[in-house]
1. Here are a few candidate values for Rg and Dmax of the Cα atoms in Å: (1) 22.3, 74; (2) 20.8, 67; (3) 19.7, 61. Which one was actually calculated from the structure I just gave you?
2. Could you give the length gained on full extension between ASN281 and GLN222, defined as 0.36 nm per residue of separation minus the Cα-Cα distance, in nm?
3. So, counting K/R as plus one and D/E as minus one, what does the shell of residues with Cβ under 12 Å around ARG63 add up to?
4. How large is the helix-only mean residue ellipticity at 222 nm for the chain, computed as the sum of -39500 (n - 2.57) over DSSP H runs with n ≥ 4, divided by its residue count, in deg cm²/dmol to the nearest 500?
5. What is the percent of Cα-Cα separations in region 85-204 that go past 24 Å?
6. Can you give the FRET efficiency to the nearest 0.05 for ILE96 and THR318, using r as the Cβ-Cβ distance and R₀ = 30 Å?
7. What does the extension gain come out to for ASP260 and ILE188, with contour length at 0.36 nm per residue minus their alpha carbon separation?
8. Between GLU267 and THR57, 0.36 nm times their residue separation minus their Cα-Cα distance comes to what?
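What follows draws every value from the coordinates through simple rules; no lab data is involved. Predicted, not measured: the structure shown is a model, and the values here were computed from it. A quick note on method: Cβ atoms are made from the backbone with ideal geometry, for glycine too, and the neighbour counts reach across all protein chains shown.
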Amino acid sequence: MDKMHWILFLHILMGQCCFFTCRLYEYHFIAENKSWSEAQRYCREKYTDLAKVFDMTDMSRLRNSTQNQGEAWIGLNHNTGGNRTWHWSLPGVEYIQNDSSWNLNGRQNWEPYPGNCGRKRDKLADVSCDSTMWFICYDEMKKDNKTLYLIQYPRINWTQAQAYCRYNHTDLASGLDQVDGEEMKALIKSKDSKFSAWVGLFRDSWRWSDGSDFSFRYWDMQLFNDTQSNKKCAMTLLNRSGKWSSDECDKEKPFFCYDDKMILIKENKTWEEALNYCENNYKRLVSITNPEVQGRVQETAKNADSPYVWIGLSYKCTLGLWLWVSDYVVCYEKWATEGKTEGCDMSVGVDRGGQHEWFSRRNNETYNFICSKQ
């Protein structure tokens, strides 16, 4: 390796992972009192849409974007059609229906009706979120060579279990990889008798204004009642740690908009052509450096016209490693099983459907692509 390549190599090693700083949208606080619909119209004209929230990091950014300590609209409203949709509690984990994971006849005499929260026994069942039981937390730090923790005492309801797991670990166990995986099977088998425990599964009728599937919810349960028929629009309570409640949509309040920094180009181009297009018209091909950005790419890729969507990751033969066009080290990955093939003419496409995983694709194949505006 010559001197120039060694310098580049050292530069890469010192690059930033930017797990928490790379955000592909910005929040804007609008200190004008408008109804929810008027606020939505304003945000769509001036920015992208009313604000959406992916996780607690987003909530901190939202709160830090203003000194206001009152109420403000966000882009979550109640679907009047009433169709409830299942979500996983852990941000970025997409719910995909798998009937074999469910036991729809598994309710006891004291839980005769379908509920809005998921419990795990041998299989999943939907029960009332107010029931009290054990719960299973997930911890991404993998302490003691495990990621799942069964909390037996105290027995609490689903919302309390979620708060406990988010404070002491990462979140409630979420996704079929966790809920049906080998570690979960070993955990269940280690108990002498069958047990019921909360996992991170819930459903509701709330939808984000821009159509995103973000599952994060931050309700203030002392002030929020999901059965209130006339309170269909969500607001953040800045004087209560930013937690959320709902109000009548015609009430006038200040509000938060967001401005998107990512755009899907529905033109089929080779990776190099896509790279040049983004650099000439925006900033660069998008780099996925944390789960939040992966979530945004997933939402964007769903609207593509090609089976894969180019992103800004390619294999550099001279260095023998994968490198983002933004020069960030590959710290976060979402490769498909057997989807990673290293080669001089290989770059990465995100699967439009399924789990939206990463696949090595030859540079001369043509797909839609995603540009970053920043």
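1. Answer by label: (1).
2. Additional length available on full extension: 16.4 nm.
3. +2
4. When only DSSP H runs of four or more count, the value is -6000 deg cm²/dmol.
5. 17
6. It comes to 0.15.
7. 21.6 nm
8. 72.3 nm
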